[in-house]
Amino acid sequence: MDLDLDAATLAFQAEVRSWLAANTPADLPSMDTADGFEAHRAWERTLFDARLSVVSWPEEFGGRNASLLQWVVFEEEYYAAGAPARVSQNGIFLLAPTLFAHGTAEQCARLLPTMANAEQVWAQAWSEPEAGSDLAAIRAAARRTDGGWLLSGQKTWSSRATFADRGFGLFRTSGERHRGLTYFMFSLRAPGVTVRPIAQLDGEPGFAEIFLDDVFVPDDDVIGDVDNGWKVAMSTASNERGLSLRSPGRFLATARRLVELWETSPDPVLRDRVVDAWLGAQAYRLYTFGTVTRLASGGSLGAESSVNKLFWSDLDIAMHETALDLLGGEGETTGDWLDGYLFSLAGPIYAGTNEIQRNVVAERILGLPR
Amino acid sequence: MKFTLSEEQTQFADTLDALLAKSDAARAWATGNHEPGLAVWRHLADLGATTIATDGEPVDMVVVMEAIGYHAIPGPAIETIAVLPEWLDGALLATTAIPPHVSYAVDADVADRVFVVQDGTLFAAVPGKRVTSVDPCRALFEVTATAEIGPLAGAFDRGVLACAAQLLGAGRALLAKSVEYVKQRTQFGKPIGSYQAVKHHLAAVHVGLELARPVVYGAALGVLPASAAKIAAGDAAYRAARTALQVHGAIGYTTENDLSLWLTKVRALHSAWGTGQVHRARVMTELSA
Ligand SMILES: Cc1cc2nc3c(=O)[nH]c(=O)nc-3n(C[C@H](O)[C@H](O)[C@H](O)COP(=O)(O)OP(=O)(O)OC[C@H]3O[C@@H](n4cnc5c(N)ncnc54)[C@H](O)[C@@H]3O)c2cc1C
């Protein structure tokens, strides 16, 4: 048992660290504003040019074939440097794994490079008004037409769809519930698409409703087999809950800032909560190294990703609540900690609510009856 | 980077499990009949488990302590295995107090060697008054130093790490017992484990233990302080204990049921070897140094 990084990973870490030190921009405006979105898109392009936007991807699509361990190390360095939030995260972390697993060579070649350089920013269009936790209740449907499909219906809570370029989601092509769903990609600028921004708790339009009215999609933009979309979606859903969406790096960085905040006014009453926050971030880091070790020797993530999700989402809120309490009366005022707090509050809701994750842990890991 | 037990360590853990699963020494130990427990300890010594801290790595010591916790093995395990292995001198069991956070020497009535560590110095000691623990398997004794032996560095931190590992094992056992119980206990015509309130309690316990384990092993590797391990394992095991009692209902509240062996031990070890507050203060001192 050891936690030592190999020479190649150490060299990669050093390169990433010095590149970020030289290139990380000062605070960008919120990506949920029009200007901020474009500033974040430009930053993704800068990352891409240094071949750092998708380090774990194959080289042909703009990556470096980095190992999972190197990706975790990249994330630690990225957040430690205070680099911007990833505007392309739902493409590179959710759609890309699906394309790698189920997409055609043509789809990968056509879509992945522009995803990696953020020329196309993707939005996840899974949820619907009547299909939240119960995703199989999807109603938006696709009808056959010459050379493709016509999509109709309503998607909602789609993060960054306000300014994004393309969407991906499940549409009903036949049958009921999990059967008869098909995985489609579509342009958010296509005729028949209406995007209505929705202001989140911080007042910015961080997600949107998407109305589709006979939106044409060519056959080339179906992922996997028709009527097999549920399996395609679920095979990579653990990426969202698990490691890839929220690696330890960001929580380690938050914990470090929290300890620094405590040191500026060492409130003895809050000391234990600061220690717990710091310790939670360390625990998640080491837990992740265990996962990486297991995956490297051929294991799969599966239901374990629910453990990740439950842990990081609660940890994130606890860290930010502690920071706001340390700030005293100033905790009410806008700033990085308040922004982070409002963001953290959604963690137990998106990517499968924590109630659903606890069901998964209890039923699929502990083996309790349904 | 390979953050998992080696094949040999896994095999060793399996061997320990097979040996300790057969033990039902705890109840006898609690009434002062030490013989069945001593037989287990002789087996452990034969396997090399009691001298593992000097013969192996800290990770091996943690493997042993986790197994001891899982099977609620009675006896001065932390003291013998983690704190005093160099001072066993061929004997089976040793115990010590390390004031201020370890006020009593556990099982000083049965240990072959009794010590006290004061300010980093090891003294031979004699047991005095007995104090009753919430855990009937832990006979606590006040001790008086008799003769100075010499410096003993790191004794407290080694004990803290071992205590964390024991708590982790006990917590895992409590979860396993709870899962088993809620699958077979029926109320309102269904197994109680099918009710979401019960599921969610146990899922939270699982998450706590899953995230505590790497902290304990990380502390064994020296990347985190032993105090971090005690905080994480102490809280996770304590939550496992509270939840185990709740999902068992009244049967869990009895000494008749074996669950009580783990419930009382977790409460005892949560207080022993430094409370959560003590260890959080130590961690913060280190963090802001
Ligand atoms: C900030 C944010 C960003 C999001 N981004 C996206 C996105 O990009 N794309 C996208 O498709 N969606 C996105 N979502 C939507 C998210 O996936 C859904 O909110 C989530 O799946 C829950 O659905 P719901 O909101 O309809 O809540 P509901 O499913 O109505 O749940 C409401 C409450 O009931 C509980 N509940 C429901 N069913 C059960 C059950 N069986 N057992 C126990 N409790 C239950 C839930 O846990 C929750 O507490 C986002 C949400 C947020 C908050």
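The values are calculated or read from the model by the stated rules, or taken from the named source; none is laboratory data. Here the structure is a predicted model, which means the values were calculated and not measured. Glycine also receives a Cβ, built like all others from the backbone with ideal geometry; neighbour counts cover every protein chain displayed. All accessible areas refer to the heavy atoms of the entire protein, side chains included, with ligands and DNA or RNA removed. Shrake-Rupley method; radii C 1.70, N 1.55, O 1.52, S 1.80 Å.
Annotations for the structure displayed:
- For region B:1-65, the helices (runs of 4 or more DSSP H) that sit wholly inside it and include 2 or more residues that are more than 14 Å from chain A (Cβ to nearest Cβ) and without any contact (Cβ under 8 Å) to a residue 40 or more places away in the chain are B:7-21, B:35-46, B:52-55.
- Complete set of residues in region A:160-202 that are within 15 Å of the ligand (Cβ to nearest atom) and among the β-branched types (V, I, T): A:T162, A:V195, A:I198
- Note on region A:144-159: among residues that are more than 12 Å from the ligand (Cβ to nearest atom) and touching a residue at least 40 places away in the same chain (Cβ under 8 Å), the one that is farthest from the other protein chains (Cβ to nearest Cβ) is A:G147.
- All told, B:S271 meets the bar of being farther than 21 Å from B:V64 by Cβ and at pLDDT 95 or above.
A quick yes/no check of all residues on (1) more than 14 Å from every other protein chain (Cβ to nearest Cβ); (2) modelled with pLDDT under 95; (3) over 27 Å from A:F163 (Cα atoms):
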position: A:L10; (1), (2), (3): no, no, yes
position: A:L52; (1), (2), (3): yes, no, no
position: A:L68; (1), (2), (3): no, yes, yes
position: A:G91; (1), (2), (3): yes, no, no
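- Remark: pairs (first residue in region A:336-351, over 16 Å from A:Q89 (Cβ atoms); second residue open to solvent by 50 Å² or more (accessible area, probe 1.4 Å) and within 13 Å of the ligand (Cβ to nearest atom); Cβ separation under 6 Å; 6+ apart in sequence or on different chains) = A:L342/A:L201; A:L342/A:D202.
Quick grid of which residues meet (1) aromatic (F, W, Y); (2) more than 7 Å from chain A (Cβ to nearest Cβ); (3) touching a Leu at 6+ places or on another chain (Cβ under 7 Å); (4) assigned to a helix (DSSP H, G or I):
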{"position": "B:K199", "(1), (2), (3), (4)": "no, no, yes, yes"}
{"position": "B:G208", "(1), (2), (3), (4)": "no, yes, no, yes"}
{"position": "B:D235", "(1), (2), (3), (4)": "no, yes, no, yes"}
{"position": "B:R239", "(1), (2), (3), (4)": "no, yes, no, yes"}
{"position": "B:R242", "(1), (2), (3), (4)": "no, yes, no, yes"}
{"position": "B:L245", "(1), (2), (3), (4)": "no, yes, yes, yes"}
{"position": "B:S260", "(1), (2), (3), (4)": "no, yes, no, yes"}
{"position": "B:L263", "(1), (2), (3), (4)": "no, yes, yes, yes"}
{"position": "B:R280", "(1), (2), (3), (4)": "no, no, no, yes"}
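- Some residue of region B:71-82 being open to solvent by 10 Å² or more (accessible area, probe 1.4 Å) and of a type outside the set (G, A, S): yes
- In region A:19-38, the qualifying residues are those that are of a type in the set (A, V, I, L, M) and either in contact with a strand residue (DSSP E or B) (Cβ under 8 Å, 6 or more places away or on another chain) or without any contact (Cβ under 8 Å) to a residue 24 or more places away in the chain (or both), and the one that is surrounded by the most Cβ atoms within 10 Å (Cβ to Cβ) is A:A22.
- Single condition B:V223 does not satisfy, out of (1) open to solvent by 30 Å² or more (accessible area, probe 1.4 Å); (2) within 12 Å of chain A (Cβ to nearest Cβ); (3) out of contact with any Leu (no Cβ under 6 Å at 6 or more places or on another chain): (3)
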